[in-house]
Amino acid sequence: MSQSPPAALTLDRMTVDRWRRSWDEMMAGFLPGAASFEAALPVVAEALSGGVPRRVLDLGGGPGVFAERMAGFWPDADVGMIDLDPVLLALARAGTGGRIRVHRGDLESPWSGTVVADGPYDLVTVVMTMHYLAPEAARAVYRAARSVLRPGGLFIVADLMPESGLGVFADRLNPSVAGPAWNRWWEELRCQESLQDLLDERRATFAGRTPAEFAPPEHWHRSAARQAGFGQAGVVWRWGAHAALAAVA
């Protein structure tokens, strides 16, 4: 896990907001039914964790759009996020104005120590990020999430999660719509001269990394949750091949 300070972001707030909005629009293509999931989240989280969450953590939070939205769901909550991408972290810091605790951490490495001082958490989320990880790294995320949750706290994983069958590759389930939008978003961002230092840092950070694109069925996630020490675990939302699994610590 790198602890080096991020390069400075010199974009003005209106430009930062525009990039974060376009990120949100682009990511909706990767999670069909995103609005339905977000509408269900507060109800599910409060019902299963025993009340309004006071400490919330979003894993793989990107530019902080979803974390900021959760801060809107629960205005009194202390909301944090973790990501590794230096460009997205800079957009999160600039765009959330200090409302969100922004941490740099690598989900493929031990990350729980980065945030343990802010916990224990009532709710930890990871949305459309787990499929980047190989199976053992995904299991480690379940274990680390369990370690930072209070007893009775909730871990919600939303991703490609087919109902049955063997593990599959995510690109076979989500073939064409969102990928080009992702490429366009990054291509346009590369035209920003003020972001070149951050983009250079990003290239160095992800050099040699290949996303696993592993999208196992829901029973794999239930098993990983139980092996990590969670009690109850089950799907609480589904939209085709996409689902959200909730695991209670």
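Structure values in brief
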item	result
E218, E187, E25 arranged by Cβ crowding within 10 Å, fewest neighbours leading	E187, E25, E218
Likely footprinting exposure, H219, H103, fewest C-beta neighbours within 10 Å first	H219, H103
Cα gyration tensor, region 1-140 - rounded (a/c under 1.5), prolate or oblate	rounded
Max mean-square fluctuation residue, GNM over the chain, Cα-Cα springs under 10 Å, options D118, D85, D200	D200
The chain, relative contact order in percent, only Cα pairs under 8 angstrom and at least six apart counted	23
Rounded to 5, percent antiparallel among DSSP beta bridges of the chain	45
Mean Cβ neighbour count within 10 Å, used as a protection proxy, ranking 92-99, 203-210 highest first	92-99, 203-210
Over the chain: helical MRE at 222 nm, DSSP H runs n ≥ 4 each giving -39500 (n - 2.57), nearest 500	-12500 deg cm²/dmol
Computed Kirkwood radius, in angstrom, where 1/r is averaged over Cα pairs of the chain	18.3
Per-residue Cβ neighbour rank within 10 angstrom, fewest leading, Y142, Y121	Y142, Y121
Among G72, S112, P211 - extreme Cα towards positive end, dipole of the chain, charges at beta-carbon	S112
The chain: most fluctuating residue of D58, D122, D12 per GNM, C-alpha cutoff 10 Å	D12
Potential extension, D118-R203 segment - 0.36 nm per residue separation minus Cα distance	27.6 nm
For the chain, size of Cβ-based charge dipole, Lys and Arg +1, Asp and Glu -1, in debye	460
Positive-end residue, region 1-132 charge dipole about Cα centroid, Cβ charges, pick of H103, L11, A47	L11
Whole-Å semi-axes of the ellipsoid equivalent to region 47-102 (Cα gyration tensor, √5λ, descending)	21, 11, 7
Estimated FRET transfer efficiency when R0 is 51 angstrom, pair A134-T15 (beta carbons, to 0.05)	0.90
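Bear in mind that the values in this text are calculations on the coordinates, not laboratory data. Predicted, not measured: the structure shown is a model, and the values here were computed from it. Every residue, glycine among them, receives a Cβ derived from its backbone with ideal geometry; neighbour counts consider all protein chains shown.
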